[in-house]
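The values are calculated or read from the model by the stated rules, or taken from the named source; none is laboratory data. Bear in mind the structure is a predicted one, so any value in this text is a computation, not a measurement. As a convention, Cβ positions derive from the backbone with ideal geometry for all residues, glycine included, and neighbour counts pool all protein chains shown. All accessible areas refer to the heavy atoms of the entire protein, side chains included, with ligands and DNA or RNA removed. Shrake-Rupley method; radii C 1.70, N 1.55, O 1.52, S 1.80 Å.
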Amino acid sequence: MNVSAPAETSAAPSLRDRDQIPERFKWNLSNIFSGWDAWLAAYDELDRQIAAFAALQGTLAQGGEQLLTALKRRDEIGQLEYKVWYYASLWHDQDQRDNQINAKRQQVQILFAKAAQAAAWFDPELLTIPLTTVREWMDASPALALYRFALEDLYRQQEHVLDDKGEHLLSLSSRFASSPNDAYAALSTADVKYPSVRLSQGDEVTLTYGQYRAILATNRNQADRAVAYQEFHKIYEASINTYASLYDAVLQRDLFFSQARGYATTLDAALHGNNIPTAVVENLIAATRAGTDPLRRYHRLRKQALRLDTYHSYDTTIPLVDFDRKYPYEDVLEWLPASVAPLGPDYERELRKILGGQCIDVYENPGKRSGAYSAPVYGVQPYMLLNYNDTLDAVFTLAHEMGHSMHTVLSHAHQPFVYAGYTIFVAEVPSTLSEALFLNYMLARTSDERERIVLLQHAIDGIVATFYTQVMFADFELQAHRLAERGQPVTGEVLADMYFDLLKSYHGDALDYDDRSRFTWARIPHFFSTPYYVYQYATCYASSAQIMKQLVGGPEAPRAAAVDRYLALLKSGGSDHPMALLQRAGVDLSRPEPVRAVVDQLDALVTQLEEVVG
Ligand SMILES: [Zn+2]
């Protein structure tokens, strides 16, 4: 062991130093650059290209040829940026203690800031040219017409941009516009005093959020979970008027910007960027409220299976059975390709290429970044960071990240650079679908009743957390913003009542309610940091559920057509607005069917669970 490693990273007995991990379990960054000299040469080249791009300022109005030159230069810079950034960033993540690597990573960030400044002239200069002129240029030049969607979307975005004076005035407000969230972070994290609780075994525990979550997820004594829940929520109760005042500031800020830019509502302002109709969010909420039956059935089943007399919010995450089977990575290497068989042989072949492509960093080592991700290194391949620890959760994380990586591979292969990236609105569809296919595969192969229960609970808890809970949060945000839009007061009392009513309308009589649940809303950082964001988890889940429904079951011909449509979605990158892309994949989020698909999926899973534990 490295003696200089911080205590918390060297605590796990199985933790190996990076050089003790066999090469086949580590990513090979020399596929990006042969070494730091090559990286530095590319960095300098990027610096030159950024300066050259700035020199094009003032040329766009001369004609389509000049516009095309600028767009191509911008693409070249973008492609190089991917490699220069990820080489340093991935190096950094494999051991974050290395200060020299971190310095290189920061060097790239500084260069990117310079690039943004050197390119800031482009959009405003382009927008002084009438769209009709740009359209004539595109009609005359197929090479320029490639950029049609990107250019027309820029003009569409322009609809709510103000004149110079107005934009300047708005930009002056940017620093204090972030104040409510900064203050929320300080209040809920930096300044928070975590309470201590004494548990039934006599041990005293400081209730950080991590500890609190761990007690709810592992402690089989209901009284311990109850005391942890009550004490943890007192943190928010004690400052509830401050939290409410900060949230009111978020709402007033959103209202200010939506009005200043001439949007009808705050929701319109939030959805305009991706060209999403507001009916999507309204329909999502209405259809989900109408589909809470299987959610309630699940909680009633849990109450019965856990043999509890009363069933509370703090009883919703404890596992139904104890289970500690290990899933060695080598086994999963065979299961994962088999699980995607419904998507056809081409998909499976591409997936095997990733698994054997020296691009997955599998195991934890001292200093390695926690969690998991898939990084789209344009022009090379997606790289995946895991902290694989042989648990079932780790297996599903791999399936999830593999969905992102396959999306990247197919988008990059089939789209020009300008459309190679995809939006968050679509991103979680393939990752969710990849997990759903893997679940089906595992359910089909298991003959162990405990494993079946654990798999079903994993899937159901996923739907509850990424779908139902997120819709309930979106419901809360929408109601709160509407209060502000109508000029009604937003107080601690009002928000608490609103949250409590929501909890009841989603869970009905399946939960026993605690008064302190009224304060849970103050614990959700997304409300303060990124309003109107979480609904996208739910729309991605619903899209995936509806595609899944079309992919498995039913006659051969429509299934094959659904596979083609889905692969076309993965190959489409960001070449159109997300609603249009999803529509071509057979998903219309302005209608209730995608939500119905989630409700049906949950219903089927709960029925299966009832058969084994009921
Ligand atoms: Zn993801």
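Taking segment 395-434 as the range and being surrounded by fewer than 20 Cβ atoms within 10 Å (Cβ to Cβ), part of a helix (DSSP H, G or I) and more than 15 Å from the ligand (Cβ to nearest atom) as the test, the residues that pass are Ala413, His414, Phe417, Val418, Tyr419. I want to confirm something. Restricting to segment 521-564 and keeping residues that are among the aromatic types (Phe, Trp, Tyr) and in a helix (DSSP H, G or I), which single residue is surrounded by the most Cβ atoms within 10 Å (Cβ to Cβ)? The qualifying residue surrounded by the most Cβ atoms within 10 Å (Cβ to Cβ) is Tyr541.
Of all residues in segment 435-458, exactly one satisfies the criterion of being more than 16 Å from the ligand (Cβ to nearest atom), closer than 20 Å to Leu343 by Cβ and buried (at least 21 other Cβ atoms within 10 Å of the Cβ), namely Met442.
Taking the numbered list (1) within 16 Å of the ligand (Cβ to nearest atom); (2) buried (at least 20 other Cβ atoms within 10 Å of the Cβ) in turn, Asn387 passes all entries but (2).
Considered as a group, the residues in segment 206-242 that are small (Gly, Ala, Ser) and under 18 Å from Asp309 (Cβ atoms) include one that is most open to solvent (accessible area, probe 1.4 Å), and that residue is Ala223. Taking each residue of segment 434-461 that is under 22 Å from Met402 (Cα atoms) and among the small types (Gly, Ala, Ser) and looking for partners that are at pLDDT 95 or above and surrounded by 14 or more Cβ atoms within 10 Å (Cβ to Cβ) with beta-carbon atoms closer than 6 Å, six or more apart or interchain, yields Ser434/Ala399; Ser434/Met402; Ser434/Gly403; Ala436/Met548; Ala459/Leu439; Ala459/Leu605. Pairs are defined by a Cβ separation below 8 Å, a sequence spacing of at least 6 or placement on different chains, a first member in segment 21-40 that is over 15 Å from Leu80 (Cα atoms), and a second member that is polar (S, T, N, Q) and part of a helix (DSSP H, G or I); the pairs so defined are Lys26/Gln94; Trp27/Gln94.
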